[in-house]
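Chemist: Quick one: this structure, given as structure tokens, is what I'll be asking you about.
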Amino acid sequence: MSLLELKDVSKIYGDLHALDKINLKVDTGEWVAIMGPSGSGKSTMMNIIGCMDKPTSGEVLLDGVDISRESAKSLTRIRRDKIGLIFQQFHLVNYLTAVENVMMAQYYHSVPDEKEALRALARVGLADRAKHLPSQLSGGEQQRVCIARALINYPELLLADEPTGNLDEANENVVLDIFSQLHKEGTTLVVVTHDPEVAEVAQRTVTLGHGKIISDKLNEGFKE
Amino acid sequence: MFFRMIRGAFTRQRGKMLMIALTIALGASLATAMLNVMFDVGDKVAQELKTYGANITVVPKAASVLDNLYEVEGGDAAEGAYLREDELGKIKTIFWAFNIVDYAPFIDTDASLADGREVNVVGTWFNHYMALPTGETLNTGVQNLRTWWDITEGRWLDESQPDDANACMVGASVAAAAGIRAGDSIRLQGPRAGTTLTVVGVYDSGDSADDQIYAPLAQVQKLSNTAGCVSSIEVSALTTPDNELALRAAKDPKSLSASQYETWYCTAYVSSICFQIQEVITDAVASPVRQVADSEGAIMEKTQLLMILITILALVGSGLGISNLVTASVMERSNEIGLMKAIGANDRAITGLVLTEIVIVGIVGAVIGYFAGFGFAQIIGHSVFGSAIEMKAMVIPIVAVLVVVVTLVGSIPAVRTLLRLDPTVVLHGR
Ligand SMILES: Nc1ncnc2c1ncn2[C@@H]1O[C@H](COP(=O)(O)OP(=O)(O)OP(=O)(O)O)[C@@H](O)[C@H]1O
Ligand SMILES: [Mg+2]
């Protein structure tokens, strides 16, 4: 069964069709890259999948549940329980240390556990930066804190909107290595990107244009 | 975790939090100061008015009747009618003894100076020491009743110094006309006897007292051979503004019912104090110095009204300031709040966090503000009234409620906006 299924999903702003009858299936454990020019509807789609926005029409099935019909309150709960989010701008709370930022996600999910949060930071190579404030971390390090935070509650689906957009080459590679590690462990990944190199390392690339899917292909070069 | 988030917010954003706390403190201090001054201003003004002379005069019955019949100034017609000096202490034994702030007996006579100049000499108490039957002691006299006198030369006559029993104080006009200076000895010839007094001070009163000489009671009694006699007493008493009951009682106490009489007698109306003075001083008529007593109530009411208005303005002003800042500081955090929502924080968690922070800041601000306000009130007290403002406990709950209401009212619209906030908007920086 697919973890995620979009059926005829449209999002219309006035007379602009940001998404136009999208049909898409993502299976558990898949690593999908979403590409497309600016304004093609990538972020709009991510927001809908991430339970932060609702489609104008169509169905979005996450784990068999149609999230396009849910109330804002239950969307918050679904997002908390099933989805990990990573943003282009790192979005950390600036008065909390790295480990506290990770623990905050645990707190809103269930119970904070500092040891586990430290292990999550160690996984992204930040064991020795745990007590630093965001302002004391580099951009790459901040993004890794965000990844640790997105992972801490074992989400079924990890959504990343331009995760490497603000990073240099070296940091981009660190992040991609972490993704590939997660993929091996069975995490389902949906990654929006402009960068063909980032798309290439994924299993499958979906390309959007004017709110429609214009191509959907498996990457030949994909290495397990 | 909640605690760690709060602690993080406070320890790592100390500057910002302190700013908010200080604004709240400023508002709270303004409120504290104004409220304290307002509650105390009545007493202060009353005290101030008391220091501006007597509000009750006591004269012998004979003098009073004739004065009223013929409306004559002075009292030649009543020559020979006197009050008894040995009864003066009884004034401090009446029911409202505590409200008697100061009093002094007066007797005067005409005398001539060595150069033949005629001058009116007034015998009185300056700072008379009295041991009361209650065991208390009291220093009273014209030094307290004539606070507006300006000692232009020398000093006040001091009854506690044995030498000053033969001293006197000379009015500025007399001193100028007769060329008298502090330290001089002057010879006074009264109708019955003469005496020599040392001038310890020259005063400028701005009224007819400048044409007189003030001397100890015994000296003037000697000049006119009236030992043990006084012709009037001035009393300065703290009084309750008159009401209808007091006005009726002032006309005729016997017209009251027993319980009304009780109420009247046990209230510090000027009429009941006069009545009680008459009870202890033989053949005396005590009457309020009308103008002062009446205008006193009016002045106090007006001052208090003014203070209430200013206080309300200050409260509204500080309230607006606080709520503005709180709103701004909550709105500033929309990014952080959007993120928390995206991570899965529900409305309750966000409201709880923001309000807890605001309440902590509010409490810190209110406490700082209260003590700062305490200071301001003292500055106002000392610069305006020359004495400390008494802190009223009642101000604490008022200020506390004010700060809570204002900060909460100020933050509720902001929190509502935050709750409506769409996380996608902030997260993608649109
Ligand atoms: N809240 C909104 N109101 C109106 N129009 C919107 C709104 N959000 C998005 N759009 C429009 O929808 C279209 C798709 O936007 P979207 O953000 O999904 O593009 P994108 O593919 O993520 O672009 P980029 O690569 O620049 O991030 C754009 O034309 C955008 O202007
Ligand atoms: Mg986008």
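Chemist: Can you list the residues of the stretch A:107-122 that have at least 40 square angstrom less accessible area with all protein chains present than in their chain by itself, probe 1.4 Å?
Modeler: A:Tyr107, A:Tyr108
Chemist: Rounding to the nearest 20 debye, state how big the charge dipole of the protein assembly as shown is about its Cα centre with +1 on each Lys and Arg Cβ and -1 on each Asp and Glu Cβ.
Modeler: On the way: 54 positive and 76 negative charges, 596 e Å.
Value, rounded to 20: 2860 debye.
Chemist: Straight-line reach only, C-alpha to C-alpha below 15 angstrom: list the aspartates and glutamates that B:Lys44 could link to, leaving out same-chain residues fewer than 8 apart.
Modeler: Candidates past the 8-residue exclusion: B:Glu296, B:Glu301, B:Glu390.
Chemist: How high is the relative contact order of the stretch A:103-224? Use alpha-carbon pairs under 8 Å, at least six apart in sequence, and give a whole percent.
Modeler: Once divided by the residue count of the stretch A:103-224, the mean separation gives 18 percent.
Chemist: Could I ask something else about it? Mind checking the dipole of chain B: about its Cα centre, +1 per Lys or Arg Cβ, -1 per Asp or Glu Cβ, Debye to the nearest 20? Spell out each step's value before the answer.
Modeler: Numbers: 30 positive and 44 negative charges, 694 e Å.
Value, rounded to 20: 3340 debye.
Chemist: Can you tell me what share of the DSSP beta bridges in the stretch A:2-218 is antiparallel? A percent to the nearest 5 is fine.
Modeler: 55
Chemist: Which value, in square angstrom to the nearest 100, describes the accessible area buried between chains A and B on both sides, using a 1.4 angstrom probe?
Modeler: Working: alone 10870 and 21700 Å², together 30040 Å².
Chains A and B together bury roughly 2500 Å² of accessible area.
Chemist: Okay, moving on. Test of understanding: in a Gaussian network model of chain A with alpha carbons linked when under 10 Å, which of A:Leu176, A:Leu157, A:Leu19 would top the mean-square fluctuation ranking?
Modeler: A:Leu176
Chemist: Roughly how many percent of the accessible protein surface of the protein assembly as shown is carbon and sulfur, given a 1.4 Å probe and a whole-percent answer? Mind dumping the intermediate values first?
Modeler: Numbers: 16960 of 30040 Å².
Looking at the protein assembly as shown in its full context, I get 56 percent from C and S.
Chemist: Translational diffusion coefficient, Stokes-Einstein: compute it for the protein assembly as shown using the Kirkwood radius over C-alpha pairs as Rh, at 4 °C and 1.567 mPa s, and state it as an integer in µm² s⁻¹.
Modeler: After rounding, the answer is 40 µm²/s.
Chemist: Size of the dipole of the stretch A:103-156 about the Cα centre, Lys and Arg at +1 and Asp and Glu at -1 on the beta carbon, nothing else charged, in debye to 20?
Modeler: Values: 7 positive and 6 negative charges, 26 e Å.
Its charge dipole is roughly 120 debye.
Chemist: Which listed residue (B:Ala193, B:Val316, B:Gly141) has the Cα farthest towards the positive end of the charge dipole for chain B, taking +1 on Lys and Arg C-beta and -1 on Asp and Glu C-beta about the Cα centre?
Modeler: B:Val316
Chemist: Now for a different question. Hey, got a sec? Which trypsin sites (Lys or Arg not before Pro) in the stretch A:104-140 land in a DSSP loop and have at most 14 other Cβ atoms within 10 Å?
Modeler: Numbers: sites: A:Lys115, A:Arg119, A:Arg123, A:Arg129, A:Lys131; in loops: A:Lys131.
Hits after loop and neighbour filter: A:Lys131.
Chemist: Still on this structure, please answer the following. For A:51-62, what's the mean count of beta carbons from other chains sitting within 10 Å of each residue's beta carbon? Present the calculation step by step, with values, prior to reporting the outcome.
Modeler: Details: counts 3, 9, 3, 0, 0, 0, 0, 0, 0, 0, 0, 0.
Neighbouring Cβ atoms belonging to other protein chains average 1 per residue here.
Chemist: Residues of A:94-104, mean number of Cβ from any other protein chain within 10 Å of their own Cβ, rounded to a whole number?
Modeler: Working: counts 6, 12, 8, 3, 0, 1, 5, 3, 0, 3, 10.
The mean count of partner-chain Cβ atoms within 10 Å per residue comes to 5.
Chemist: Follow-up question, since we're still on this one. Per residue, what accessible area does chain A have, given a 1.4 Å probe and all protein chains present, in Å²?
Modeler: Numbers: 9650 Å² over 224 residues.
For chain A, the per-residue accessible area is 43 Å².
Chemist: Show me the chymotrypsin sites (Phe, Trp or Tyr not before Pro) within the stretch B:142-229 that DSSP assigns to loop and that have at most 15 other Cβ atoms within 10 Å of their Cβ. Display every interim value, and only then the final one.
Modeler: Values: sites: B:Trp148, B:Trp149, B:Trp156, B:Tyr203, B:Tyr214; in loops: B:Trp148, B:Trp149, B:Trp156.
Qualifying residues, ordered by number: B:Trp148.
Chemist: Next question, about the same structure. Pick from B:Cys168, B:Cys266, B:Cys274: which residue has the top mean-square fluctuation in a GNM of chain B where Cα pairs under 10 Å get a spring?
Modeler: Of B:Cys168, B:Cys266, B:Cys274, the Gaussian network model singles out B:Cys266 as fluctuating most.
Chemist: How large is the accessible surface per residue of the stretch B:190-326, computed with a 1.4 Å probe and reported in Å² as a whole number? Let's see the in-between values first.
Modeler: Values: 6370 Å² over 137 residues.
Per-residue value: 46 Å².
Chemist: From other protein chains only, count the Cβ atoms within 10 Å of every residue's Cβ in A:43-50, then give the mean. Before the final figure, lay out each step's value.
Modeler: On the way: counts 4, 2, 0, 2, 6, 1, 0, 4.
Mean number of neighbouring Cβ atoms from other chains: 2.
Chemist: Another question about this same structure. Which of B:Ala9, B:Phe95, B:Ala28 sits farthest toward the positive end of the charge dipole of the protein assembly as shown, with +1 on the Cβ of Lys and Arg and -1 on the Cβ of Asp and Glu?
Modeler: B:Ala9
Chemist: Of all beta bridges DSSP finds with both residues in the protein assembly as shown, what is the antiparallel percent, to the nearest 5?
Modeler: Values: 60 of 88 bridges.
In the protein assembly as shown, approximately 70 percent of DSSP beta bridges are antiparallel ones.
Chemist: At most 16 other C-beta atoms within 10 Å and a DSSP loop state: those are the exposed GluC sites (Glu not before Pro) I care about. Give me the longest piece of chain B that has none.
Modeler: Details: sites that count: B:Glu71, B:Glu73, B:Glu79, B:Glu136, B:Glu332, B:Glu390.
Answer - B:137-331.
Chemist: Select from B:Met17, B:Met34, B:Met169 the residue whose mean-square fluctuation is largest in a Gaussian network model of chain B (Cα-Cα springs shorter than 10 Å).
Modeler: B:Met17
Chemist: Please report the net charge: other residues with Cβ closer than 14 Å to the Cβ of A:Asp168, K and R +1, D and E -1.
Modeler: Numbers: positive: A:Arg144; negative: A:Glu141, A:Glu169, A:Glu172, A:Asp195, A:Glu197.
Here the count lands on -4.
Chemist: Cα centroid distance between the stretch A:197-212 and the stretch B:391-430, in Å?
Modeler: Here the two parts' Cα centres lie 45 Å apart.
Chemist: Just to confirm the filter: which trypsin sites (Lys or Arg not before Pro) across the stretch B:156-226 are DSSP coil and have at most 12 other Cβ within 10 angstrom of their Cβ?
Modeler: Here the sparse-neighbourhood loop sites are B:Arg181, B:Arg192.
Chemist: For chain B, what is the mean residue ellipticity at 222 nm derived from helices alone (per DSSP H run of n ≥ 4: -39500 (n - 2.57); sum divided by total residues; nearest 500 deg cm²/dmol)?
Modeler: On the way: 14 runs with 221 residues, N = 430.
Computed ellipticity for chain B at 222 nm equals -17000 deg cm²/dmol.
The values are calculated or read from the model by the stated rules, or taken from the named source; none is laboratory data. On a predicted model such as this, the values are computed, not experimentally measured, just so you know. In this analysis, Cβ positions are derived from the backbone assuming ideal geometry, glycine residues included, and neighbour counts consider all displayed protein chains. The protein model used for the area step is the full one, side chains on, heavy atoms only, and it has no ligands, DNA or RNA in it. Shrake-Rupley method; radii C 1.70, N 1.55, O 1.52, S 1.80 Å.
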